[in-house]
Amino acid sequence: MRSHPADYELVAPNNLPSVLSLLAEEPGSWLPIAGGTDLMVQYAAGHLAARKLVSIWNLPELRRIEILPGEIRVGAGCTYTDLIHNPMVNREFTLLTSAARWTGGVANQNRGTLGGNIVNASPAADSLPALLVYGAELILASVRGERRIVYENFHTGYRKTQCAADEVIRCVCLPRQFKNYRAYTRKIGARNAQAISKVCLAALGRFAGGIIEDIRMAVGSVAPIPFRLKETETALRGNRIDQALILLAKKTAADEIQPIDDIRSSARYRRAVTANLVAELLNSFNNADNKNSSVLARWNSLPPGEAALEILPCCGSNSWARQLAALRPIQDEDSLLAASDKIWKSLTEADWMEAFAHHPRIGQSVAPTTAPARSAQWSSQEQQKVGAAGSDMIAALSEGNRAYEQRFKRIFIVCAAGKPAHAILDILQRRMRNDDQTELQESAEQQRQITSLRLKKWISE
Ligand SMILES: Cc1cc2nc3c(=O)[nH]c(=O)nc-3n(C[C@H](O)[C@H](O)[C@H](O)COP(=O)(O)OP(=O)(O)OC[C@H]3O[C@@H](n4cnc5c(N)ncnc54)[C@H](O)[C@@H]3O)c2cc1C
């Protein structure tokens, strides 16, 4: 039977302390409602047992994404759309962006929140495997204070969690330590869009010289709670991917899961699909690794001048390119990026200026004529989002560039990849307040990031 609105009470305090006080006054009587995309389905079906709802939708304390040096903190009230549009999440936590993109349709993404997905605790929830492989931690808030727990321990059984009746999740902490990992994720549903997962898998892997140094895999929809495939991970670590290892991993993963028959699928199908996804992810990691290795192997064998010339567009400084080429042979992506960073930081101010001068102004895709064609092509890809801005924004950026160049006597450098024009304008305006030394260091750091991104593109092309 459908629910009747008169049977329900809804209050909407506009700050977190008031919500927490209410939850503490009558523990268990009030249920937080965020986007309502799970609760309203229960309500419509007449299954919503809680009669008193306290809205936490759009509370500022739950809706921000804080970027700290060692982690990012995603407010539990952030929607999937917030995640999809956040440049930091896009850059460093791509598994979460992918999960957000395939959660429901656009309306659901505008309303559904990360905290709601976690507390609703469906074994089929799409963002949860990503949180597991990223080693997420949760900060829970109540009038008693805050506590921080490892997300992996949050789900204690089917639809059971560690969240007490007087608590809300304030934010999800994601450590920033997976930049050098390959990422793989796949959701298998009845169709590509707007389907609940039959199996979903998220994984990260780090390689050195073709060997799996570290691998983290998590699955959803194949047990009462989403979980890490730890036995399969252990079987893989320290090994080179070949057919025998793939077979072993498929079998270990199929043995590790506890799927059931239900309305969406059968246990047998889920077991077979999980094993196949593990094989697919290992093949995809291996192909990427072979590709990187073959670019590096070819580059390692070039004469020094040619090797330096080939990587010059990644940075723009001749001294950087010569010094990096002199360090060959370089075996893998991690070693390449570490060597590049070290050289870049040791360069002179004149070398930095040479690199800065290779870039087009932000908002103008035309690179200086001295820049190699490859550099110009990368610049235009990096500024793709800026190119989508309207004429007013482009004019504001152009004025910002002019003021910057007048103030600092050089072009404004920012790692533009994934950033929309308005975000770049904000950064420019903030950096106009820097003193000369601080601004030089910020520009150098931005150029370091640009160089890393370009090196990654170069070895995977
Ligand atoms: C059409 C449709 C399609 C969907 N597709 C998918 C999909 O593809 N993949 C998927 O994973 N999910 C899907 N969902 C489920 C749903 O959108 C997600 O689980 C969503 O993230 C829930 O967030 P919410 O804010 O709407 O939660 P709500 O419905 O507001 O709350 C859900 C539960 O979480 C609790 N809660 C919410 N926030 C907090 C907090 N900060 N602290 C403590 N408790 C909290 C509530 O008390 C409630 O128990 C779909 C839903 C619909 C209606």
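Some values worked out for this structure:
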item: The stretch 216-254, residues that are among the hydroxyl-bearing types (Ser, Thr, Tyr) and within 24 Å of the chain's Cα centre (by Cα); result: 221, 232
item: Counted residues, the stretch 59-96 - those being assigned to a helix (DSSP H, G or I), within 14 Å of the ligand (Cβ to nearest atom) and either touching a Pro at 6+ places or on another chain (Cβ under 8 Å) or under 28 Å from residue 186 (Cβ atoms) (or both); result: 7
item: Residue selected from the stretch 97-114 under the condition touching a Ser or Thr at 6+ places or on another chain (Cβ under 9 Å) and closer than 22 Å to residue 176 by Cα, by the criterion farthest from the ligand (Cβ to nearest atom); result: 98
item: Scope the stretch 115-153; condition within 11 Å of the ligand (Cβ to nearest atom) and assigned to a loop (DSSP other than H, G, I, E, B); matching residues; result: 121, 122, 123, 124, 125, 126, 127
item: The one condition in (1) of a type outside the set (S, T, N, Q); (2) surrounded by fewer than 19 Cβ atoms within 10 Å (Cβ to Cβ); (3) under 18 Å from residue 166 (Cβ atoms) that residue 87 fails to fulfil; result: (3)
item: Helices (runs of 4 or more DSSP H) wholly inside the stretch 330-400 that include at least 1 residues being touching a Cys at 6+ places or on another chain (Cβ under 8 Å) and at pLDDT 80 or above; result: 333-346, 349-356
item: Meets criteria (touching a residue at least 12 places away in the same chain (Cβ under 8 Å), away from the ligand (no atom under 11 Å from the Cβ), over 32 Å from the mean Cα position of the chain (by Cα) and surrounded by 15 or more Cβ atoms within 10 Å (Cβ to Cβ)) for residue 10; result: no
item: Scan of the stretch 13-46 for residues that are surrounded by fewer than 13 Cβ atoms within 10 Å (Cβ to Cβ), more than 17 Å from residue 165 (Cα to Cα) and touching a residue at least 24 places away in the same chain (Cβ under 8 Å), ordered by number; result: 14, 15, 44, 45, 46
item: Out of 252, 234, sole residue that is among the hydroxyl-bearing types (Ser, Thr, Tyr), at pLDDT 90 or above, buried (at least 17 other Cβ atoms within 10 Å of the Cβ) and under 29 Å from residue 124 (Cα atoms); result: 252
item: Unique residue being more than 25 Å from residue 88 (Cα to Cα) and under 21 Å from the mean Cα position of the chain (by Cα) when the list is 149, 188, 169; result: 188
item: Options 190, 165, 195; residue that is free of Cβ contacts under 8 Å to residues at least 12 places away in the same chain, surrounded by fewer than 17 Cβ atoms within 10 Å (Cβ to Cβ) and aliphatic (A, V, I, L, M); result: 195
item: Subset of the stretch 13-49 [within 11 Å of the ligand (Cβ to nearest atom), under 21 Å from residue 76 (Cα atoms) and outside any helix (DSSP H, G or I)]; result: 30, 31, 32, 33, 34, 35, 36, 37, 38
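The values are calculated or read from the model by the stated rules, or taken from the named source; none is laboratory data. Keep in mind it's a predicted model, so treat the numbers as computed, not measured. Cβ: placed from backbone, ideal geometry, glycine included. Neighbour counts: every protein chain shown.
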